[in-house]
Amino acid sequence: MSEHRYDALSDRSLGWLRYLHRKAHTPDDWSREGRPHPHWDDRSDAPMASWHRFDLVDSSYAMGLMAHTTPAWREVYVGVLDELIERHTGWWSASDWLTQFGHDPDRANYPDEYRMWIPEELWGRYDVPGWTANDTEPWGLQMDPVAADGMLFYKGFFLVLLGIRAMIGDDRWDTPFEMIRDGEHTFRWSHSEIAAHLNRQWKAAPIGCH
């Protein structure tokens, strides 16, 4: 009788899983009054991706691949993903949208490396990509980052994170949950509601939600 061989994670993948499990289960506070743990990166890849939520979402991709390799470890993967998603519902997940109002007051002082992102003739008078510019015309102030006319990358990447979770196990996050949770700025969404809203936005503006 031939021996049946099961797929397994490499030592490197196991190391990454161990690291991410520890990182995800280290308590911190993503509310407005709290602060993410320093191990959530908010420095790399400025000006567009230097926000804590990018570390959350980018960390999730391996979970989907690992779950297909070792499906018996589903509870471990789901536990990590639920911790990531829970943080993504907090205020710090959208701190740029909730603090960057109007045009960037520092845009006349950008470093030279930002020139690649800005038309030469508008240098000093144009917001760098990554400045979310909530409360600019014609859209006005929109405190819900999911409902907003802009912030495509926020809800789009959040759907990726929710989709990986649903692929691995039950879609727990299709039950409505609260987001931002900042007093009157508390919003209720679910996985399918976010997807349906983004679909409506694309149909209304095929050139792009922003």
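The values are calculated or read from the model by the stated rules, or taken from the named source; none is laboratory data. The model shown is predicted, which means the values in this text are computed figures rather than measured ones. In this analysis, Cβ positions are derived from the backbone assuming ideal geometry, glycine residues included, and neighbour counts consider all displayed protein chains.
When you scan the range 166-182, how many residues do you find that are surrounded by 15 or more Cβ atoms within 10 Å (Cβ to Cβ), out of contact with any Leu (no Cβ under 9 Å at 6 or more places or on another chain) and assigned to a helix (DSSP H, G or I)? Total satisfying the criteria: 2. Selection over the range 44-83 of residues that are within 15 Å of the chain's Cα centre (by Cα) and free of Cβ contacts under 8 Å to residues at least 24 places away in the same chain gives a count of 4. None of ARG43, ARG22, ARG32, ARG18 is surrounded by fewer than 12 Cβ atoms within 10 Å (Cβ to Cβ) and in a loop (DSSP other than H, G, I, E, B) except ARG43. When every residue of the range 130-139 is checked against the conditions, at least one turns out to be aromatic (Phe, Trp, Tyr), part of a loop (DSSP other than H, G, I, E, B), at pLDDT 95 or above and more than 22 Å from ARG188 (Cβ to Cβ).
Any residue in the range 165-181 that is at pLDDT 95 or above and at positive phi? Looking for residues that are at pLDDT 95 or above and at positive phi, one finds at least one in the range 165-181, hence yes. Within the range 87-144, track down each residue that is over 30 Å from THR26 (Cα atoms) and of a type in the set (A, V, I, L, M, F, W, C). Within the range 87-144, PHE101, ALA108, MET116, TRP117, ILE118, LEU122, TRP123, VAL128, ALA133, TRP139, LEU141 meet the criteria. Keeping to the range 99-149, report how many residues are under 22 Å from CYS209 (Cβ atoms) and in contact (Cβ under 8 Å) with a residue 24 or more places away in the chain. Total satisfying the criteria: 24.
When the range 128-165 is limited to residues that are charged (D, E, K, R) and more than 17 Å from ALA195 (Cα to Cα), the one that is surrounded by the most Cβ atoms within 10 Å (Cβ to Cβ) turns out to be ASP135. Of the residues HIS210, HIS103, which is surrounded by 11 or more Cβ atoms within 10 Å (Cβ to Cβ), part of a loop (DSSP other than H, G, I, E, B) and at pLDDT 95 or above? Of the residues listed, the single one that is surrounded by 11 or more Cβ atoms within 10 Å (Cβ to Cβ), part of a loop (DSSP other than H, G, I, E, B) and at pLDDT 95 or above is HIS103.
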